[in-house]
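Encoded as structure tokens, the structure appears first; notes follow it.
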Amino acid sequence: MLLPGQRLARGVSRLLRALDFAPLVEFVPAPGLRVDVAALGPRGEIWTVECKSSRADFVSDLKWGGYLAWCDRFFWAVDADFPVDLLPADAGIILADAWDAEIVRWPEAVALSGARRRALTQRFARTAAARLALLADPRLT
């Protein structure tokens, strides 16, 4: 059984795939940070999506501001019952459930520097490849 945030992440991942992005759940862009969903786009753009299942979940998240320096666009993913007026006005909003999602507010794009984009893309690729290898052989560590 999926937890509420995991259900949102699944719906968000389905939306991102439909937009030709490669989503990666629980990605670490830098030491000390863990984003709910990172996505690599067809032109190398990097999006971050934080899934919030309740008001308490949002209020208790004190690290999200640190994620902004690690993506071109930042979104909150929430369900239809979430009080969206709590969310910062400059971030994107995705309405999601376990099956699908929809972007209802687009954030401004803030381009990453070339060096950061390269390092982040390499980290993304290595993380995805390591996870795929574990699926093929669970005894890998």
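The values are calculated or read from the model by the stated rules, or taken from the named source; none is laboratory data. Since we're looking at a predicted model, the values are computed, not measured. Positions of Cβ are backbone-derived with ideal geometry, glycine not excepted, and every protein chain shown enters the neighbour counts.
Remarks
- The number of residues in segment 91-119 being among the charged types (D, E, K, R) and over 24 Å from A9 (Cα atoms) comes to 2.
- From V49, V35, V12, residue being out of contact with any Asp or Glu (no Cβ under 7 Å at 6 or more places or on another chain) and in contact (Cβ under 8 Å) with a residue 24 or more places away in the chain: V12
- Flag not set for F82, criterion: aromatic (F, W, Y) and not in a loop (DSSP other than H, G, I, E, B).
- Single unsatisfied condition, T127 versus (1) more than 23 Å from R14 (Cβ to Cβ); (2) in a helix (DSSP H, G or I): (1)
- Members of segment 107-124 that are touching a residue at least 12 places away in the same chain (Cβ under 8 Å) and either of a type in the set (F, W, Y) or part of a helix (DSSP H, G or I) (or both): R116, R117, L120, T121, R123, F124
- Every residue from segment 112-133 that is surrounded by 11 or more Cβ atoms within 10 Å (Cβ to Cβ) and within 20 Å of P42 (Cα to Cα): L112, R116, R117, R118, A119, L120, T121, R123, F124, A125, T127, A128
- Looking only at segment 71-106, and only at residues there that are surrounded by 11 or more Cβ atoms within 10 Å (Cβ to Cβ), aliphatic (A, V, I, L, M) and in contact with an Asp or Glu (Cβ under 9 Å, 6 or more places away or on another chain), the one that is farthest from L2 (Cα to Cα): A91
- A89 being among the aliphatic types (A, V, I, L, M), at pLDDT below 95 and within 22 Å of L16 (Cα to Cα): yes
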